[in-house]
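Rule-based calculations on the coordinates, nothing more; no lab input. Note that the structure is a prediction, hence the values are computed from the model and not measured. Cβ: placed from backbone, ideal geometry, glycine included. Neighbour counts: every protein chain shown.
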Amino acid sequence: VYTEKARESIVAAQGLATEYGQSQIAPEHLLLALLRQNEGIVPEVVRRSGSNVEQLQREVEAELDRLPKVRGSNVKPALSPR
């Protein structure tokens with residue numbers, strides 16, 4: 001059983017994979033989705049650790065840009081084995 005925030009994160013990660021043109025939902029997609037939850041626990045943990053949430057988001061976005069992309073409108077991202 002997932003919490004509402006967990007479900008939202010998984011759906012958001014799938015949306016990010018689609019947005020970035022990737023066929024797999026990678027851990028980076030989930031991390032970015034969690035970081036973007038302004039009311040979520042992950043941004044708060046990052047802030048409390050002394051890190052900058054926005055900078056971390058930019059770094060994860062850069063990693064997503066490096067992942068392989070696919071073309072075609074019928075691609076529905078599946079979970080990555082990672």
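Consider segment 50-78. How many of its residues are closer than 14 Å to Ala26 by Cβ, touching a helix residue (DSSP H, G or I) at 6+ places or on another chain (Cβ under 8 Å) and outside any loop (DSSP other than H, G, I, E, B)?
4
Among (1) within 11 Å of the chain's Cα centre (by Cα); (2) more than 26 Å from Pro68 (Cβ to Cβ), there is one condition Glu44 misses while meeting the rest; what is its number?
In the conditions (1) within 11 Å of the chain's Cα centre (by Cα); (2) more than 26 Å from Pro68 (Cβ to Cβ), Glu44 misses (1) alone.
Every residue, every condition in (1) crowded, with 18+ Cβ neighbours inside 10 Å; (2) in contact with a Pro (Cβ under 8 Å, 6 or more places away or on another chain); (3) part of a helix (DSSP H, G or I), yes or no:
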residue: Tyr2; (1), (2), (3): no, no, no
residue: Arg7; (1), (2), (3): no, no, yes
residue: Gly15; (1), (2), (3): no, no, yes
residue: Leu32; (1), (2), (3): yes, no, yes
residue: Glu44; (1), (2), (3): no, no, yes
